[in-house]
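Step one of this worksheet: look at the structure below.
The values are calculated or read from the model by the stated rules, or taken from the named source; none is laboratory data. Note that the structure is predicted; figures quoted are calculated from it, not measured. Every residue, glycine as well, gets a Cβ built from its backbone with ideal geometry; the counts of neighbours run over all protein chains shown. Surface areas here come from the heavy atoms of the whole protein model, side chains and all, with no ligands, DNA or RNA. Shrake-Rupley method; radii C 1.70, N 1.55, O 1.52, S 1.80 Å.
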Amino acid sequence: MLYVTVLPTAHTDCPTDYVMEGNNVDCTCSSTDGNPAGSAVWRVPSGSSRLVLNDVRRDKHGDSYVCEVKWSSDVVSNVTFSLQVAYEATISSFDVNSVTSDSLTVNTSDTVTLTCRGVGRPSPEMTLSSATKDAIGHIPQGTPSLQDNVTAVTGSVTAQCRDTGIYTCEASNGVGEKQTRRVTVFVRCKPEVLDNRPGDGGRMEIPSLNFTTKAVRLNFHFAAYPTPQLSDIKFFPQRPNTTSVGKPVKGNTIQVACSRHTDDLFNVTCAVTVNDITSSDAGFYQAVIGNSLGDVKVLFQVTVNGGEQDSSLGVGAAVGVAVAVMVVIVVVFFVWLWRRHWVLPCAAATEREADVRMESRNVEPQQGIEHHGQGQPDDYEIQDIEGTTPSEYASLKIDDIGLRSVYSKITPTSTSTRTTVTADTGQVYENTDMSSRRPYVDASDYKR
């Protein structure tokens with residue numbers, strides 16, 4: 001019988017890629033295609049075909065483990081497993097002009113060099129961004145290797161006023177979360193106006209706000225560091241020119257407060273608040289905004305709503321109209337009472353006093369007048385006699401104005417016709433029905 005010998009081949013099922021730091025490794029050493037098969041064991045630990053590594057750390061990276069196949073004591077085949085430990089990227093340092101700090105202040109036109117170093121396996125992708133979010137440095141992600149993967153990314157800018165802000169370094173390699181570190185760079189500069197508004201013919205448009213009855217606000221935006229403040233403000237009735245001289249602003253009618261944005265640190269907003277003005281305050285205002293490095297002048301216009309220029313005038317006009325309306329109502333009311341012959345209680349009392357005065361006066365009967373007809377007369381007879389006693393109305397005084405005549409209360413009691421004879425001529429007059437006469441007659445023309 002023919003016996004054929006075949007050498008075996010060592011084989012493992014260990015990971016061929018990297019192992020995450022903190023994970024476990026459990027793999028087997030075996031032989032294939034051997035005749036005889038032989039025995040397969042790991043050299044370390046010896047005597048076992050199973051390799052177990054718990055909680056692998058990055059310091060185990062690069063360790064080698066050999067799988068051997070033996071015939072008796074002779075090694076006829078082997079294979080080596082190299083452990084690669086991957087770990088998440090970290091940022092080891094972030095420098096500005098070789099200074100490691102959370103913030104740094106530079107001057108305008110200075111060169112600002114930023115260097116960010118990251119460590120990780122695989123080597124991390126790193127990106128460096130400026131304050132305006134533009135990338136100023138980038139390195140792509142690497143591949144796993146047996147060497148420690150230290151990566152550095154560098155970027156630089158020539159500092160301008162608007163370069164004030166937060167600079168960011170980011171590192172990631174697909175293992176764990178993206179890592180970020182920030183540093184703040186302040187660029188010292190005087191205020192620069194950000195919101196330029198060219199108008200017709202290239203002339204700068206003047207911002208304006210309209211005041212009604214409530215406080216209104218107008219915002220100006222600047223790039224500046226340190227934060228500027230209002231240093232002066234002047235009022236101009238007309239749009240000023242280079243030779244115009246402004247007037248001081250009265251009281252706290254115009255207030256200016258400046259504050260820096262929390263996101264865009266180069267951006268400073270100065271809020272102009274108009275509190276309480278009248279039409280005389282409408283016009284142009286020039287504010288001087290500055291810091292220790294310089295200042296800038298801004299011009300704005302304030303208008304006053306035509307219907308509400310002066311609230312005190314509006315209130316006065318309203319009160320005047322209300323008073324006039326009330327006066328008209330009172331006058332119309334009393335005219336209405338007078339037309340209906342109504343009097344107030346106080347006026348009625350005065351009228352009663354006047355009645356007493358009138359009745360107390362002695363009204364003598366007219367001479368030369370006779371009554372005709374049977375019995376005593378039951379009505380008054382009217383005649384016009386020249387040269388008789390003066391009329392009772394002739395004795396009225398000025399304080400009797402407005403009082404009702406006492407004779408107005410007399411009413412006729414008969415509708416019969418009366419005949420009277422004058423004393424001097426003997427002429428006979430016939431008196432008609434009293435109901436057709438006017439209710440009020442001269443008191444001197446009555447005779448009982």
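Annotations for the structure displayed:
- Among residues of segment 55-84 that are under 24 Å from M20 (Cβ atoms), those with a beta-carbon under 7 Å from a residue that is open to solvent by 80 Å² or more (accessible area, probe 1.4 Å) and not β-branched (V, I, T) at least six positions away or on a different chain give the pairs D55/N24; G62/L146; V66/R43; V66/N78; C67/N78; V79/H11; L83/K60.
- Residue selected from segment 255-275 under the condition within 23 Å of V183 (Cβ to Cβ) and without any contact (Cβ under 8 Å) to a residue 24 or more places away in the chain, by the criterion least open to solvent (accessible area, probe 1.4 Å): H261
Conditions tested, residue by residue: (1) open to solvent by 70 Å² or more (accessible area, probe 1.4 Å); (2) at pLDDT 95 or above; (3) within 30 Å of L293 (Cα to Cα).
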| position | (1), (2), (3) |
| --- | --- |
| G62 | no, no, no |
| K70 | no, no, no |
| S73 | yes, no, no |
| D102 | yes, no, yes |
| N107 | yes, yes, yes |
| S123 | no, no, no |
| T127 | no, no, no |
| S130 | no, no, yes |
| I139 | no, no, no |
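- Considered as a group, the residues in segment 174-220 that are in contact with a His (Cβ under 9 Å, 6 or more places away or on another chain) and within 30 Å of D102 (Cα to Cα) include one that is modelled with the highest pLDDT, and that residue is V193.
- Selection of first residues in segment 240-254 that are assigned to a loop (DSSP other than H, G, I, E, B) and of second residues that are modelled with pLDDT under 90, restricted to Cβ pairs under 6 Å at least 6 apart or on distinct chains, gives the following pairs, ordered by first then second residue: T253/N275; T253/I277.
- Residues that are out of contact with any His (no Cβ under 9 Å at 6 or more places or on another chain), under 30 Å from G142 (Cβ atoms) and among the aliphatic types (A, V, I, L, M) do occur in segment 25-38, at least one of them.
- Within segment 12-26, being surrounded by fewer than 17 Cβ atoms within 10 Å (Cβ to Cβ) and either in contact with a Gly (Cβ under 8 Å, 6 or more places away or on another chain) or at pLDDT 90 or above (or both) holds for D13, P15, M20, G22, N23, N24, D26.
- In segment 148-193, residue farthest from the chain's Cα centre (by Cα) [restricted to those that are farther than 30 Å from R121 by Cβ, among the β-branched types (V, I, T) and surrounded by fewer than 18 Cβ atoms within 10 Å (Cβ to Cβ)]: T158
- Residue that is surrounded by the fewest Cβ atoms within 10 Å (Cβ to Cβ) [pool: residues in segment 276-301 that are not in a strand (DSSP E or B) and not β-branched (V, I, T)]: S292
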